[in-house]
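Read through the structure below, which is laid out as structure tokens, and then see the notes.
What follows is calculated from the coordinates using simple rules that are stated; it is not laboratory data. In this text the structure is predicted, and so the values were computed from the model without any measurement. Ideal geometry is used to build each Cβ from the backbone, glycine not excepted, and the neighbour counts take in all protein chains shown.
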Amino acid sequence: MAILLIAEVTDGQLGLDATAKAVSAVKSLGEVHVLCAGARAQEAGQQAATIQGVAKVLVAEDPALGHRLAEPTAALIVGLASGYSHVAAPATTDAKNVLPRVAALLDVMVISDVTGVIDADTFERPIYAGNAIQTVKSSDKVKVLTIRTAGFDAAPTGASALVEAVSGAQDAGLSQWVEDKVAKSGRPELTSAPVVVSGGRGIGSKENFAVVEALADKLGAAVGASRAAVDAGYAPNDWQVGQTGKVVAPNLYVALGISGAIQHLAGMKDSKFIVAINKDAEAPIFQVADFGLVADLFEAVPALTEKL
Amino acid sequence: MKVLVPVKRVIDYNVKVRVRADGTGVDLANVKMSMNPFDEIAVEEAIRLKEAGKADEVIAVSIGVKQAQETLRTALAMGADRAILVVASEDVHQDIEPLAVAKILAGVVKEEAPGLVLCGKQAIDNDMNATGQMLAALLGWSQATFASELSVEGDTATVTREVDGGLQAIKVRMPAVVTVDLRMNEPRYASLPNIMKAKKKPLEEKAPADYGVDVTPRLAVVKTTEPAARKAGVMAKSVEELVDMLKGAGVV
Ligand SMILES: Cc1cc2nc3c(=O)[nH]c(=O)nc-3n(C[C@H](O)[C@H](O)[C@H](O)COP(=O)(O)OP(=O)(O)OC[C@H]3O[C@@H](n4cnc5c(N)ncnc54)[C@H](O)[C@@H]3O)c2cc1C
Ligand SMILES: Nc1ncnc2c1ncn2[C@@H]1O[C@H](COP(=O)(O)O)[C@@H](O)[C@H]1O
């Protein structure tokens, strides 16, 4: 049977990296059909059709699907789900909002944050902030899963799958979009950037984050933060890395003034290379860092930025 | 309006989790257990709604082992008015799946008719992030997940949500399910007099069968393993040395 993969579409734009990684994760399970839903989704659908391994793209364009509100989006997916063995999506906040709703409507469990696909029924997922990996076997008729994309390579593009329009959005008027507060930045996107530079409570203030950002810009990196830095207002919420923030696995992760609590490690310990700068030699971050430097970050980081 | 707050008993977030050597799960014997941190925030928000005159009763519900009584007593000590414990397992290692929890909660909702259910965004043990969404689906209610701000006016709630791109504000029609994120508030500590008072507040005990729910898991746990460990790294003595090491390793 085929897989219905829900693409990440934001304001008409395809999240190509997340979607292409999710395609890699599920393509061993069967023919992959990608759903692009939104007020505008045609262009995203055309782009999704270029991902290798995609057999067909379904485009659902409807004003009701505009801001990916959970209720109409879940209704659309449930309407399309018959005939599919799996409904999957990259584990973005959108998918985490919508797919459990879809699963309950289908009377099946959702399998969140899948990091490994063993076979059609069996999946690996982290529990306890990544301190344990659980292998679960589903007995449900349809498997509904979100894929933690950090561990999968993006499927290459260059294909041209069939694109087909579908309808079926029903808006019961349960919720209404008010506004998005999105900070635009010229930097790479956190979850797909090859290099991430993150700051923690040790940065001390919003102004001081400039030290983190200068190193990030030097390395062409995305900027991340610990929960403590976000809670203190030094950094916006969408920079948070960790158990309850974003999960990243870049080639290089640089942690500045971050102690290394398990909840933070949950979001970055699968990075290929980790560098930490902290003034406390006992900080747990050094136990996962490939290279460490015990120093005052306000001296070390500008010097590092300068010398690189 | 009644506010229903589902609270889960989980391993305390400060405890280092140990995977059992035989791969059957993590060790929960003699381990400190606490209320799921997100649920403390949900309880706090519910109490604030009551203090602001927007809610008249706060009901805490927990589904699990008998020991979840302690978790409910904590919610009562914080200020919840009464509690419902649905004893669904005798084994502390048996986790009740979000789908079954949501079905039981839907049963509680039918009896209690709350105007709002305030869940945590995620339980820090199974990290599922699913129960609130599933409950909203089963009830046909609106949902607002990952909330960092909530304001209730008449029969609508305006919610600011923490999403991948930043923040999103939506309005939902009540009754609704809202799942709370970490930055919504700072939960209060229960004072000693309130802890004493909580002992006298009503705590009703129920079983899944009272709601006609079968809690048999849909996901069988095949095994539980330790994640791959990282090996200890190398310390640089100076910024210069760190630069050389980074260049040597080819990462910059
Ligand atoms: C349910 C739950 C979920 C959570 N989810 C997350 C999550 O998703 N992500 C997350 O990050 N956290 C999360 N946390 C919080 C986590 O437990 C830690 O509190 C947090 O990660 C600490 O952030 P920090 O390392 O920046 O701050 P701290 O632990 O305070 O560490 C600051 C570090 O900076 C160093 N420092 C200070 N000044 C300097 C200087 N001048 N030069 C060099 N070093 C300096 C200090 O030595 C210290 O090690 C969660 C917690 C809970 C309970
Ligand atoms: N066994 C339970 N008892 C009470 N509430 C629960 C239970 N399981 C989950 N919840 C609620 O659902 C939220 C999300 O949990 P989960 O979907 O398991 O990540 C928690 O923060 C609780 O508010």
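Mean separation of Cα pairs under 8 Å and 6 or more residues apart, divided by the residue count, gives chain B a relative contact order of 23 percent. Rounded to the nearest 0.05, the FRET efficiency derived from the C-beta distance between B:GLN94 and B:GLU186 at R0 = 51 Å is 0.95. This model, with +1 at the C-beta of Lys and Arg and -1 at the C-beta of Asp and Glu, gives the range A:163-308 a dipole about its Cα centre of some 200 debye. Taking label positions 7 Å along the Cα-Cβ direction at both A:SER160 and B:ALA209, the computed distance is 6.4 nm, reported to one decimal. Roughly what % of Cα-Cα distances in the range B:2-248 sit above 35 Å, to the whole percent? Cα-Cα pairs in the range B:2-248 separated by more than 35 Å: 21 percent. Of all aspartates and glutamates in the structure, those lying under 14 Å Cα to Cα from A:LYS184, and not within fewer than 8 positions of it along the same chain, are A:ASP11, A:ASP238, B:ASP164. The label-point distance for B:ASP155 and A:LYS218, in a model that sets each label 7 Å from Cα toward Cβ, rounds to 6.0 nm. Determine, from the Cβ-Cβ distance of B:MET1 and A:MET1 and an R0 of 41 Å, the FRET efficiency 1/(1 + (r/R0)^6), rounded to the nearest 0.05. Once the sixth-power term is evaluated, E becomes 0.35. Computed from label points 7 Å out along Cα-Cβ, the spacing between B:GLU240 and B:ALA220 is 6.3 nm. Mean partner shielding of peptide A:66-72, defined as the number of other chain Cβ atoms within 10 Å of each residue Cβ, is 4.
The DSSP beta bridges internal to chain A are antiparallel in roughly 20% of cases.
Axis of helix B:37-51 versus longest Cα principal axis of chain B: the two differ by about 40°, to the nearest ten degrees.
Other residues lying with their Cβ under 13 Å from the Cβ of B:ARG48 contribute a combined charge of -3, Lys and Arg counting +1, Asp and Glu -1. Take each residue of peptide B:169-176, count the partner chain Cβ atoms within 10 Å of its Cβ, and average: the result is 4. Each peptide in A:21-28, A:184-191 receives the mean, over its residues, of other Cβ atoms within 10 Å, and ordering these scores from highest gives A:21-28, A:184-191. Here the residues B:THR145, A:THR115, A:THR10, ranked from fewest to most Cβ neighbours within 10 Å of their Cβ, fall in the order A:THR10, A:THR115, B:THR145. Between B:VAL31, B:VAL215, B:VAL43, the residue with the greatest mean-square fluctuation in the GNM of chain B (Cα pairs under 10 Å linked by springs) is B:VAL31.
Computed from Cα atoms, the angle from the helix B:68-78 axis to the main principal axis of chain B rounds to 80 degrees.
Remark on the protein assembly as shown: ratio of C-alpha radius of gyration to 2.2 N^0.38 Å is 0.95.
Residues within the reach of a label modelled at A:SER139 (point 7 angstrom out along Cα to beta-carbon, backbone nitrogen below 15 Å), restricted to the range B:175-218, are B:214-218. Out of the DSSP beta bridges found with both residues in the protein assembly as shown, what percent are antiparallel (nearest 5)? Just about 35 percent of them are antiparallel. Remark: C-alpha extents of the range A:212-308 on the principal axes read 34, 26, 26 Å, sorted largest to smallest. Across chain A the C-alpha pair distances fall into 10 Å bins from zero in the proportions 6, 27, 31, 23, 12, 2, 0 percent. Shielding by partners for peptide B:237-245, expressed as the average number of C-beta atoms from other protein chains within 10 Å of each residue's C-beta, is 5. Kindly list the residues of the range A:53-87 that lie in the label zone of A:ALA120, defined by a backbone N under 12 Å from the point 7 Å along the Cα-to-C-beta vector. Label zone hits: A:84-86. For A:SER259, neighbours were defined as the other residues whose beta-carbon sits under 13 Å from its Cβ, and their charges (Lys and Arg +1, Asp and Glu -1) total +1. Please tell me the relative contact order of chain A in percent, rounded to the nearest whole number, where contacts are Cα pairs under 8 Å and at least six residues apart. Averaging sequence separation for qualifying contacts and normalising by length gives 15 percent for chain A. Taking every C-alpha pair closer than 8 Å and separated by at least 6 residues, the mean separation divided by the residue count of the range B:104-252 gives a relative contact order of 20 percent.
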